[in-house]
Each structure stands twice: as structure tokens, then as C-alpha cells.
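**Student:** Questions regarding the structure given below will be posed in turn.
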Amino acid sequence: MEKKIAVIFGDGIGPEVTRQSIQVLNAVAQRFGHSFQYTYGIMGADAIDKTGNPLPDETITTCLAADAILFGAIGHPKYDNDPTAKVRPEQGLLKLRKELQLFANIRPVSTYPSLQHLSPLKSKHLKDVDFVIFRELTGGIYFGKKELSDDGLTASDLCTYSKYEIERVAHLAFQYAQKRRKKLTLVDKANVLETSRLWRKVVQEIAQQYSDVTVDYMFVDNAAMQVIQFPAHFDVVLTENMFGDIISDEASVLTGSLGLLPSASVGNQTALFEPIHGSYPQAAGKDIANPLGSILSAAMLLDYFQLNTEATAVREAVEWTLSNGFVSKDIDPVNNYSTTAIGELVTEHIIRHAGEESSNHGNQHSSTII
Ligand code: IPM
Ligand code: MG
């Protein structure tokens with residue numbers, strides 16, 4: 001198979017973790033006889049430094065011409081600490097999501113037995129944790145009108161959703177639930193917010209088309225608690241943009257490290273794959289960041305290309321590093337391996353196991369992107 005992958009390194013640890021993923025994808029190409037061609041675009045603080053624009057038009061063109069996008073991370077402290085900055089790195093990612101209509105952000109959360117001791121939760125709560133968050137990504141408060149009064153004393157962010165915006169992500173989530181344990185939880189704040197009441201109404205309507213899926217409804221404050229107390233309860237979680245942002249970071253503590261979680265953002269055009277972690281500027285350039293969130297995002301990219309055996313090979317290699325203690329500093333502050341060392345171990349595992357194609361497609365960390 002020949003595929004073109006647009007790579008955006010982004011900021012902070014973005015370049016170093018993404019480089020490991022490229023190496024892993026090259027190993028997959030070598031082992032399975034594919035050809036992946038990479039094109040490069042810039043975004044975020046990196047792009048602001050180079051062009052003044054967090055998302056230059058050329059980057060959008062590069063992304064649209066590719067079969068998938070692999071993205072690192074975004075953000076720089078010099079903007080975080082300056083609330084008056086007019087141009088911000090994150091605007092680049094938000095604009096890219098909007099331009100490519102990446103309306104569904106898919107964030108799988110599952111725990112690894114070898115890492116359970118790292119979670120602040122007791123192991124008994126971590127058993128059978130395997131859920132997927134479908135976060136709406138191009139609407140809501142992130143994209144509503146933003147205002148700051150002339151005197152600088154009042155600000156507002158408008159949260160708007162249309163029926164259409166809710167329907168398209170809800171259908172994906174229901175279809176995904178059908179392939180899993182057939183359970184969907186809508187997380188909202190319908191006791192307070194009009195937008196949430198619309199979400200509930202639309203999801204109730206759509207649910208009738210998916211009668212094999214059991215639906216439950218949960219207020220976001222309760223969901224924040226349940227995700228920690230009874231994480232195994234969840235299968236597919238459907239939610240709006242900001243609730244999904246918050247709940248997914250919260251859910252990452254179940255796994256033991258935010259550095260492990262991958263994500264896929266899909267819409268009608270090119271899909272984008274990125275770890276859910278941020279740019280972790282304190283670690284940038286130190287070769288200590290965890291590359292597995294990015295590498296597992298590359299596995300999701302392979303699933304998206306329907307290369308499920310290849311994706312499984314990547315996940316097996318990742319699980320092998322974790323269960324053998326080849327882990328980064330976020331996981332083990334004492335005995336740890338560098339970003340590049342872990343990338344190489346994953347890569348070598350993939351090459352070394354050539355010819356041993358696993359038929360284990362249903363393992364708990366596998367996922368098929370719609
Ligand atoms: C994420 C990030 C982004 C978001 C930021 C960097 C704009 O936190 O992808 O979860 O809030 O969506
Ligand atoms: Mg986030």
C-alpha cells in the first residue's frame with residue numbers, strides 16, 4: 001500500500017515523539033511491504049516563530065493533499081502566561097480542526113496490567129477498564145463568539161450547537177458502540193445548559209436507530225466522579241467539545257500516564273492523529289518524553305488505513321516495552337529509558353517479529369477507526 005502522510009511536528013516535545021512514530025511507521029512499511037511518503041507542514045508556536053501565523057495556508061494544503069496527518073503537540077509557555085497575546089499557538093490547531101472539519105475526536109482509554117501500580121487508583125477499580133471517548137471537536141464553546149468588553153472587565157464565550165453537529169458525531173459514536181460492548185453514555189449538563197438539552201434530545205432520537213445499543217445519560221460533574229470510581233462501567237462516552245477535553249485528561253490518570261494516550265480526529269476529509277498530551281515544554285529537547293502516546297496514535301492511523309494487522313504489531317511492540325520495564329521517566333522516575341531508546345525498542349520489536357503475523361485482532365487495545 002502507498003500512502004502519503006502529512007507530518008506536523010508542532011511545539012515542545014512534539015518533534016521528538018513524532019520522530020519515533022515515523023521510525024515505527026517505517027518499520028511497519030519495511031516489514032509489511034508498504035510505502036509511506038511524508039510531507040511536512042508547520043503549526044503552533046513553531047509556525048508563529050517562522051511566519052507569524054500559527055497555521056500557514058501551505059500547511060492546510062499539505063494536509064488536504066495527504067491520506068492522513070500525524071501531529072505532535074502544541075503550545076508554548078510564553079503564550080500561556082500572556083493572556084493579552086493576540087496570536088496563540090493553539091489557534092493553529094483549532095483552525096486546522098475547523099478547516100478539515102475534524103468533528104469527532106476519538107480517545108481510547110484502557111489500562112495496562114503492568115502499569116496498574118502507577119495509577120492513583122486501587123487495582124481493583126482498574127480491572128476491565130476499556131472505554132472510548134467520542135469528543136465533538138469543531139463546535140461548542142471553543143468556537144463560539146468570544147468577546148471582551150472595551151473596559152476589559154467583562155468577557156464571554158458563546159456555546160452553540162446545531163442539531164446537525166450533534167447528529168454527525170453521535171452517529172459515529174453509536175456505530176462504534178455497535179462494534180464494542182454496545183453501551184453509550186452521553187455526558188452533558190442538561191440540568192443547566194440549553195445546548196446540553198439539545199444534545200440529549202438529538203441523542204434520544206438517534207438512539208432509536210440503534211436499538212441494540214444501551215444508552216445512559218450522565219451529568220458531567222457526576223461523570224467526572226464515575227470515571228474515577230467506576231471506570232469499567234463505561235464503553236463509549238459521547239460528549240461535547242469542552243467536557244470531552246476535560247474528561248479525557250482526567251481519564252488518562254487511569255492508565256498511569258497522560259503520555260500513553262493516543263487520539264484520532266476524523267471528519268469528512270483527511271483524518272489527524274495525535275497524542276492527547278500537550279507540548280510539555282520543560283522536557284523539550286531532553287529526550288525524556290514518553291513517545292508511546294504518539295506511537296499509539298500512529299497505530300490508530302494504521303487502523304484508519306485498514307492496516308489492522310500492522311496496527312496490532314505496533315500495539316504488541318508497545319505492550320512488550322511496557323511489560324518489560326522499558327519505560328520513560330513519567331512512568332518510572334528511577335529506572336527509565338530515553339524517548340529515542342523506547343522508539344528504537346518498539347521499532348526493533350516490529351522488525352524482529354516479521355513473519356509472525358498475529359491473528360489477535362480483538363485484543364483489548366485494538367481499535368478500528370470508522
Ligand atoms: C487537546 C488540547 C487542545 C484542546 C488544546 C491544545 C487547544 O488540550 O487536544 O485536548 O483543548 O482541544
Ligand atoms: Mg486537552
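**Student:** Among the numbered criteria (1) surrounded by fewer than 24 Cβ atoms within 10 Å (Cβ to Cβ); (2) modelled with pLDDT of 95 or more; (3) within 16 Å of ligand 2 (Cβ to nearest atom), which single criterion is violated by LEU345?
**Tutor:** Every listed condition holds for LEU345 apart from (3).
**Student:** Working only within region 119-144, note down all residues that are of a type in the set (A, V, I, L, M) and either outside the structural domain of MET225 (by TED's automatic domain parsing) or over 19 Å from LEU94 (Cβ atoms) (or both).
**Tutor:** LEU121, LEU126, VAL129, VAL132
**Student:** Same structure, new question: Could you list, ordered by first residue, the pairs with Cβ atoms under 6 Å in which the first is in region 95-123 and farther than 16 Å from GLY259 by Cβ and part of a helix (DSSP H, G or I) and the second is polar (S, T, N, Q) and within 15 Å of ligand 1 (Cβ to nearest atom), at least 6 apart or interchain?
**Tutor:** ARG97/THR138; LYS98/THR138
**Student:** I'd like to check which helices (runs of 4 or more DSSP H) are fully inside region 206-314 and have at least 3 residues that are surrounded by fewer than 23 Cβ atoms within 10 Å (Cβ to Cβ) and touching a residue at least 40 places away in the same chain (Cβ under 8 Å).
**Tutor:** Those helices (runs of 4 or more DSSP H) span 241-255.
**Student:** Conditions: (1) more than 21 Å from ASP130 (Cα to Cα); (2) small (Gly, Ala, Ser); (3) within 15 Å of ligand 2 (Cβ to nearest atom). ALA271 meets all but one. Number of the miss?
**Tutor:** Unmet for ALA271, out of (1) more than 21 Å from ASP130 (Cα to Cα); (2) small (Gly, Ala, Ser); (3) within 15 Å of ligand 2 (Cβ to nearest atom): (3).
**Student:** From the residues in region 237-259 that are modelled with pLDDT under 95 and among the hydrophobic types (A, V, I, L, M, F, W, C), which one is farthest from ligand 2 (Cβ to nearest atom)?
**Tutor:** LEU254
**Student:** Moving to a separate point now. How many residues does region 350-366 contain that are at pLDDT 95 or above and either under 25 Å from ARG107 (Cα atoms) or of a type in the set (Phe, Trp, Tyr) (or both)?
**Tutor:** Counting residues in region 350-366 that are at pLDDT 95 or above and either under 25 Å from ARG107 (Cα atoms) or of a type in the set (Phe, Trp, Tyr) (or both) gives 1.
**Student:** What pairs come out if I take residues in region 38-58 that are outside the structural domain of PRO281 (by TED's automatic domain parsing) and surrounded by fewer than 14 Cβ atoms within 10 Å (Cβ to Cβ) and pair them with residues that are modelled with pLDDT of 95 or more and assigned to a strand (DSSP E or B) whose C-beta lies under 7 Å away, six or more apart or interchain?
**Tutor:** none
The values are calculated or read from the model by the stated rules, or taken from the named source; none is laboratory data. Source: prediction; values computed, not measured. Cβ sites come from the backbone with ideal geometry, for glycine too, and all protein chains shown count toward neighbours.
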